[in-house]
Amino acid sequence: MSATPPVPPKIKQAARLKQERAEERARKLEEHRRREARAKRNRLIGIWSAVAGGVVVVALVITAVVLTPQPRAYSAGGDGAAIEGVATFENEAAHVDGRVVYEQTPPVGGPHNPAWLNCGVYTEQVPSENAVHSLEHGALWITYDRSLSEADVAALRAKLPSTYVILSPFAGLPSPIVLSGWNTQLAVDDVDDPRMEAFIEEYWQSGDVPEPGAPCTGAVDAPGKVA
């Protein structure tokens, strides 16, 4: 038998280069496939992350709307409805400087500071002389004892209209909660007392005040205003 002739070096080199190129193409193809798979996976992760983030945002918005106390709607001025326990007084209106000693606690009228108190929610006791001026404009002043729980204060706040009302603590109240309008007042022991809504409906922005319709903003803030 004759011996197999040796493969020429050039042919061996060409075959080796061809195999190397094929292996390189296969390697690059596999790398491309891995990159595409990673990109697809990352796109899916991005999409689902965006969806999850959107769900979280919507949930937070819904929670904020549900949990945030929403102002109650009341009609300005009342119809003369009789409310059990409401006390009425006779105080004249006059602008004075300095401290005033009032006959009622909290005061419901009388001499007061020339600057009214901006209506809103306060966590500290506010100056009576400025708050009485706000009453003169038809605002209500809702005061509570410091011993009232945070939950009760939040429930009390939820009963209030969005304007023409002052909410603040007050020392020495005759009851845990006292609602005051100009020359009118109601003291209650419980935040769930239904007479509170009736009082607000009857006396909020009443026309029977010295200066009905005058503003309850644009004057002075007291310390502790949070809303």
*Describe numerically, in nm with one decimal, the distance between label points set 7 Å from Cα along Cα→Cβ at Glu90 and at Leu44.*
8.5 nm
*Which is farthest toward the positive dipole end of the chain among Ala26, Leu186, Ala219, measuring Cα position about the Cα centre, with Cβ charges +1 (Lys, Arg) and -1 (Asp, Glu)?*
Ala26
*What translational D, rounded to a whole number of µm²/s, comes out for the range 119-227 from Stokes-Einstein when the hydrodynamic radius is the Kirkwood one over Cα pairs, at 37 °C and 0.692 mPa s?*
239 µm²/s
*Could you work out, for the chain, what percent of all Cα-Cα pairs fall into each 10 Å distance bin, beginning at 0 Å and stopping at the bin that holds the largest distance?*
7, 25, 22, 8, 6, 5, 5, 5, 5, 4, 4, 3, 1, 0
*Using only helices, what value at 222 nm comes out for the chain when you add -39,500 (n - 2.57) per DSSP H run of length 4 or more and divide by the total residues, to the nearest 500 deg cm²/dmol?*
-13000 deg cm²/dmol
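Leaving ligands, DNA and RNA out of it, report the carbon-plus-sulfur percent of the accessible area of the range 175-227 at a 1.4 Å probe.
Working: 1140 of 2280 Å².
C and S atoms contribute 50 percent here.
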*Hey, what's the chain come to in accessible area per residue, 1.4 Å probe, Å²?*
61 Å²
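The values are calculated or read from the model by the stated rules, or taken from the named source; none is laboratory data. Computed from a prediction, not measured in an experiment: that's the story for all the values here. Heads up, the Cβs are rebuilt from the backbone with ideal geometry, glycines too, and the neighbour counts pull from every protein chain shown. Remember, those area values only see protein heavy atoms, side chains included, never the ligands or the DNA or RNA. Shrake-Rupley method; radii C 1.70, N 1.55, O 1.52, S 1.80 Å.
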